[in-house]
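S.K.: The structure under discussion is supplied below as structure tokens; questions concerning it will follow.
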Amino acid sequence: DGGAAALRNHPGYTRRVLARAALVASGITVAWLLAEALLRVFSPYSVTTIGHVYAENARRYGWGYSPHELIRLCDPDTGEVFLSMANNHGWRDRDRDYVNATGAFRILVLGDSVTFGAIVPDDAVMTRLLESRLRADGIHAEVINMSYGGWSTDQELEALMLEGVLYKPDLIVVQFCSNDLVCHRQGAAGLHDMKPFYYDLNAESELIRHDDPLFTRHAAAPRNVAIGLLKSSEVFKRLYSLFIVRRYGQISKAPPKGCDSERTYPYRVTNTRLEQLKVVLNLDSWAHLITALERRTDSDVPYDEITRIVRDAGMDEHMSTVLRILEKRWFQEGWSRSAYRPAPPDTTTPEWRLYFTLLAKIRDVARQQGARVALFCETDRGHVDWDLSWLRISPDVASQANSLKHYDILKSYAKTNGIDFIETTRLYIRARNDPHPNRQGCEAMAQDIYDHLRSDYAADLERHRHQPAAPR
């Protein structure tokens, strides 16, 4: 001990320790920087499936991806992970040139997570399937995908004006989702500081674009700047994905490992799900089942405990309904009484009026480029069937009909305003554990758009058969 103490007290000991520490720190720093450089050049990585606020495209649209960034997606039913690479402009698509050097028939598709293909691999994305089908027919065509998860028509309009027109498309397909009606206006759906702009209508019902100062302040906040720097690290993103995401499941929507049966799958009791149980099973707040489950609010509950509570309440015949509602799924917290028994759509609301005006603006921008516009509605009978399977809407005839009435509204508006409408003739199958179309659903959507092209654009397609047309 005395010798060790003497060594530590030697004048050169502290210098040697500090020198070694500095050498180790330098080595770690150099290794980190080298890994950052190599990963950034050869394999940039993302831990989100819908884009993020630190990407290059986020400055234009609120969130997105940077060119050639690696995108991680997951099949919610099987847990299979798909890796995809953003293209040279930051979209989930093949690399594209703005100049149509080969004279292809160009179709630009604007949409949200459905067009993006949030739960399918590259070869099952709707636009990729459509392009492959046209080329298999000998049609020289390009189907350009410009979409991000969570997008609304205002962002699609921005993307068209800033970048889409550069492709000089022949046809612009605008995919509609019911979310489009709640995400436009400033402050809606918690997105008030997530977009650099917002649109509104003035007293004359004219479309007005505003820069959103909340977006700038949000991005410039010291805490968000620090988070942005950290999340921009390619090494940190992989560490985050390895330790945080695997533990808490923030990316994967599939069952956690080991949960291969209902007995091991996690269930959760929340106030929203208790309300859903009351409505679906027509129970009062003091019903035995509700009061027993309330004691476990905001906590995970094992299968055996739930089944015991249901049996003690004398509701064995409703066991499957209770288990379904309490499954620990990310979308379950989106349930509401109003959506369970939806009223007929009211097209006089500010949301509908703004949507129609945005759509008309897309039509006008397209006409200036010599392009046509087609409206495609993905919220179909398949989505209603999925909602029914999760008890998100009432099975009565009126509720189901009201859930689909926007289809006729959009069709009527399109036909009277110089916009083509793509008929939904197939069922867009969803994943069991996610509302997005799976591979089968994406194939059905691509086929419906293909049929529309063969019917309404036959002459244009024939001009691009086999022999590429001259660039315009």
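A short reminder: the numbers here are calculations on the coordinates, not readings from a lab. Computed from a predicted model, the values in this text were never measured in an experiment. Cβ placement follows ideal geometry from the backbone for every residue including glycine, while neighbour counts extend to all protein chains displayed.
S.K.: Segment 365-425: Rg/Rh from Cα coordinates, Kirkwood Rh?
M.R.: Numbers: Rg = 14.9 Å, Rh = 13.2 Å.
With Rg and the Kirkwood Rh in hand, the quotient comes to 1.13.
S.K.: Taking the mean number of other Cβ atoms within 10 Å as a proxy for protection, how do you rank 384-395, 296-307, 109-120, 85-96 from highest to lowest?
M.R.: Working: 384-395: 17.6, 296-307: 14.0, 109-120: 26.5, 85-96: 19.9.
Final packing ranking: 109-120, 85-96, 384-395, 296-307.
S.K.: How large is ³J(HN,Hα) for each residue in segment 126-136, as worked out from phi by the Karplus curve 6.51 cos²θ - 1.76 cosθ + 1.60 (θ = phi - 60°), to whole Hz, x for Gly and Pro?
M.R.: Once θ is set to phi - 60°, the couplings for segment 126-136 become 3, 5, 5, 5, 5, 4, 5, 5, 5, 5, 5 Hz.
S.K.: Related question: Determine ³J(HN,Hα), in whole Hz, for all residues of segment 413-430 in sequence, where each value follows from phi through the Karplus function 6.51 cos²θ - 1.76 cosθ + 1.60 and θ = phi - 60°; x replaces Gly and Pro.
M.R.: Listing the rounded values in order: 4, 4, 5, 9, 10, x, 10, 6, 10, 8, 6, 8, 10, 10, 8, 8, 5, 9 Hz.
S.K.: Continuing with this model, one more query. Could you give me D for segment 321-472, from Stokes-Einstein at 37 °C and 0.692 mPa s, where the hydrodynamic radius is the Kirkwood radius over C-alpha pairs? Units µm² s⁻¹, please.
M.R.: On the way: Rh = 18.0 Å.
D, rounded to a whole number, is 183 µm²/s.
S.K.: Below 8 Å, C-alpha to C-alpha, sequence gap of six or more: please give me the relative contact order for segment 298-440 in percent.
M.R.: On the way: 110 pairs, mean separation 36.2, N = 143.
Taking the mean separation of contacting Cα pairs over the length of segment 298-440, I get 25 percent.
S.K.: Can you tell me the order of 437-444, 415-422, 202-209 when each peptide is scored by its average per-residue count of other Cβ atoms within 10 angstrom, highest first? Walk me through the intermediate numbers first.
M.R.: Numbers: 437-444: 22.0, 415-422: 15.8, 202-209: 9.8.
So the peptides 437-444, 415-422, 202-209, ranked by packing, come out 437-444, 415-422, 202-209.
S.K.: Can you compute 3J(HN,Hα) from phi for each residue in segment 370-375, using the Karplus curve 6.51 cos²θ - 1.76 cosθ + 1.60 with θ = phi - 60°, rounded to whole Hz and x for Gly and Pro?
M.R.: x, 10, 9, 10, 10, 9
S.K.: Still on this structure, please answer the following. Give me the net charge of D380's neighbourhood, meaning all other residues with Cβ under 12 Å from the Cβ of D380; Lys, Arg count +1, Asp, Glu -1.
M.R.: Values: positive: R381, R426, R430; negative: E378, D385, D387, E423, D448.
Local charge sum for D380: -2.
S.K.: Can you list the residues, at least 5 places off or on another chain, whose amide H is less than 5 Å from the amide H of R106, using H built in the peptide plane?
M.R.: E142, D170, L171
S.K.: Still on this model: Please get the size of the charge dipole for segment 89-212, origin at its Cα centre, with Cβ charges of +1 on Lys and Arg and -1 on Asp and Glu, quoted in debye to the nearest 20. Intermediate results must be reported in sequence, preceding the final value.
M.R.: Numbers: 11 positive and 21 negative charges, 83 e Å.
Here segment 89-212 has a charge dipole of around 400 debye.
S.K.: What residues qualify as long-range amide H neighbours of F82, i.e. H under 5 Å apart, gap of 5 or more or another chain, H built at 1.01 Å from N?
M.R.: L73, C74, D75
S.K.: Would you mind calculating the relative contact order of segment 357-472 from Cα pairs under 8 angstrom and at least 6 residues apart, reporting the percent as a whole number?
M.R.: Worked out over segment 357-472, it gives 24 percent.
S.K.: Right, something else. By per-residue mean of other Cβ atoms within 10 Å, what is the highest-first order of 169-177, 335-343?
M.R.: My ranking of the peptides, most packed first, is 169-177, 335-343.
S.K.: What residues qualify as long-range amide H neighbours of F197, i.e. H under 5 Å apart, gap of 5 or more or another chain, H built at 1.01 Å from N?
M.R.: Excluding prolines and chain starts, which carry no amide H, the hits are D212.
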